[in-house]
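Data block below; observations after.
The values are calculated or read from the model by the stated rules, or taken from the named source; none is laboratory data. Just so it is clear, the model here is predicted, and its values are computed rather than measured. We place every Cβ from the backbone using ideal geometry, glycine too, and count neighbours over all the protein chains shown.
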Amino acid sequence: NKAQAWSARFNEPVDELVQRYTASIGFDQRFALVDIAGSLAHARMLADKQIIHTQDLADIERGMAQIQAEIESGQFEWQLALEDVHLNIEARLTELVGDAGKRLHTGRSRNDQVATDLRLWLRGSVDDIAGTLKTLRIALLNLAEKHAGTIMPGHTHLQVAQPITFGHHLMAYYEMFSRDNSRLSDLRARFNYLPLGAAALAGTTYPIDREQVARALGFDGLCHNSLDAVSDRDFAIEFCAFSAILMMHVSRLSEELVLWLSPRFGFIDLPDRFCTGSSIMPQKKNPDVPELARGKTGRVYGDLMSLLTLMKSQPLAYNKDNQEDKEPLFDAVDTVQDTLRIFADMIPHIDVKADVMKAAAEEGFATATDLADYLVKKGLAFRDAHEAVAHAVKACVGRNCMLTDLSLAELRFACGLDSRPEMMGDDVFALLTVEGSVESRQHVGGTAPAQVLAAITRARSAL
Ligand code: ARG
C-alpha cells in the first residue's frame, strides 16, 4: 500500500471507508490518455522554460510512453490507495524514472490538471458525437428524399389534421437535429480554452508559458482567470443541456415510431434485429429501441440536474464536490453516443407502408381546409368558408361518407351554396384528394413534394 503523495502531513493512515469514499479511480481512468497528453505538454513547456532539465523531460517522455503502453494493453495496475487517475499515473512514472517523475508536478495542481483533462476528454467526445449526429442527419435526408411524395396524415391533438408527406415529416426532425448540432459546435467553441497554469487556484510562481501548452493541446486560447479555470464546470452543464434537448427530440421521434409500429397504425415496420420479443406472448415484436431511447431521455435530464445542483452552492474555487461531475457527464456522453449510433443504423431500414399511410390520410376529412381555401379563392371570406365546409363535414358524418363521395350538387348543397353555383366547379374534386392537398402547399416550408425536395437540397449543401 503506497503512501499518498500528500501523506507526510498526516499522523495516521486514511480510514479505509474514507479512502473508498473519496477515490475516483473507479471512473476517472477514462481520462488516462488525455491525462498523459496534458502531462507531456506541461513537461515540454517546463523544459523549454528551463524549469526542469532536458534530461528530466526525456525521462518523463520515456516513462509516459511505457505507461501508455501498459494502459492500452490493460496491464497497468490501478490502485485505489492512489485515489485518482492523476496520482496513479504520477506514482507509476516516479517508479519507472525516479526523480524526473517527482518534478512533473512542478507549477501544477490536480485542480488545473483535472479541469484540463475534462476539457480534452469532452472535446474528443463532442467531435465523435458530432460525427454520429451527422450520420443520423444524412440517414434522415436519404429517407426523406425517398418519401418526398409519400402521403401520410399529419396530426394535431393526435387526430388526423391535414395530409402531409412522410418526407416532410422526417425533415422536421432533420431541422431539430441540425439545431442540436449547432448547439454542440457552439458549446465546443466556448470551452476549448486551457485551464492549466491556474495551478491550485491562484496561478504559479514559475515562469510558465501557457500559450505553448495551449497550442500543443489544440486549445483555442487560455482560461483568463485562475479561479474560474479550476472551479467552473459550466461547459459540462452545457453539454448535458445539449444532450437533454437532443434526447428530447430523439424521444419525440421514438414516441412516433412506437405509434407507427403499433398494428393500430401500421405505418412502418422495423427489421427484427432492432426489436425484441415477449417471453410470454409469442406474437409480439416489441419496439424496444425507441422505447428505451424515450426512457433514457429521463436519465439524461437527470444528468443535467445533477450537474446544475452540484455547482450551485460551491464557493470559489475548487471543491471536492467537483469530483462528482464525472459520472453524470460520462453517462450523458455514453447515452447520447449509443442512442445516436443505433438511430443512425436503424433509420435507413425503416420499412414504410405507403398504402397504409395514404389510406389513413384519406380518413378524417383531412382535406376540409383545402375546400375552405378553395371557397376563399372564389370570393368567400375565410370565416364563412370555414362554416360552409363545417356544414358539409357534418352532413358527411351523418351519412358516414367522405367529402369526395358527394356529387358536385350534393357538395354545393351541403355547403349551403346551392343558390351560388358559380362558387364551386368540378375542379374542386382534384384538390379534395390528398395528392392535390399536399401539391398545393407550394412555398418554402410547405409539404408539397417539390418543396420537400428543395428543403433536402438546401440541407445537403449546408451539411
Ligand atoms: N479527483 C479529483 C477530481 O476529480 C482531482 C482533483 C483533486 N484535487 C484536490 N484538491 N483534491 O476533481
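Just to be sure, is Ile52 touching a helix residue (DSSP H, G or I) at 6+ places or on another chain (Cβ under 7 Å), part of a helix (DSSP H, G or I) and in contact (Cβ under 8 Å) with a residue 40 or more places away in the chain?
No: the conditions fail for Ile52.
Would you confirm, using the coordinates I've provided, whether Asp117 is within 29 Å of the chain's Cα centre (by Cα), within 16 Å of the ligand (Cβ to nearest atom) and assigned by TED's automatic domain parsing to the domain that holds Gln337?
yes
Restricting to segment 150-168, name every residue that is surrounded by fewer than 20 Cβ atoms within 10 Å (Cβ to Cβ) and either in contact with a His (Cβ under 9 Å, 6 or more places away or on another chain) or under 12 Å from Val352 (Cβ atoms) (or both).
Correct list: Gly154, Ala161.
Which residue is surrounded by the most Cβ atoms within 10 Å (Cβ to Cβ), if the candidates are limited to segment 67-108 and must be farther than 22 Å from Arg20 by Cα and within 13 Å of the ligand (Cβ to nearest atom)?
Arg108
Which residues, taken from segment 197-213, are within 16 Å of the ligand (Cβ to nearest atom) and surrounded by fewer than 16 Cβ atoms within 10 Å (Cβ to Cβ)?
Ala200, Ala202
Any idea how many residues of segment 388-436 are modelled with pLDDT under 90 and charged (D, E, K, R)?
0
Assess whether Leu136 counts as being at pLDDT 95 or above, crowded, with 19+ Cβ neighbours inside 10 Å, under 15 Å from the mean Cα position of the chain (by Cα) and of a type outside the set (Val, Ile, Thr).
yes
I want to confirm something. Restricting to segment 24-47 and keeping residues that are among the charged types (D, E, K, R) and more than 11 Å from the ligand (Cβ to nearest atom), which single residue is surrounded by the fewest Cβ atoms within 10 Å (Cβ to Cβ)?
So the residue we want is Arg30.
As an exercise: evaluate Asp56 against (1) over 37 Å from the mean Cα position of the chain (by Cα); (2) surrounded by 15 or more Cβ atoms within 10 Å (Cβ to Cβ); (3) under 19 Å from Leu194 (Cβ atoms); (4) more than 16 Å from the ligand (Cβ to nearest atom) and give the number of the one condition it does not meet.
(3)
Filter segment 263-288 down to the residues that are at pLDDT 95 or above and among the hydrophobic types (A, V, I, L, M, F, W, C) and list them by number.
Phe265, Phe267, Ile268
For segment 63-84, which positions are within 19 Å of Leu217 (Cα to Cα) and in contact with a helix residue (DSSP H, G or I) (Cβ under 7 Å, 6 or more places away or on another chain)?
Scanning segment 63-84 gives Met64, Gln68.
Would you mind stating whether Val126 is modelled with pLDDT of 95 or more, within 14 Å of the ligand (Cβ to nearest atom) and among the aliphatic types (A, V, I, L, M)?
no
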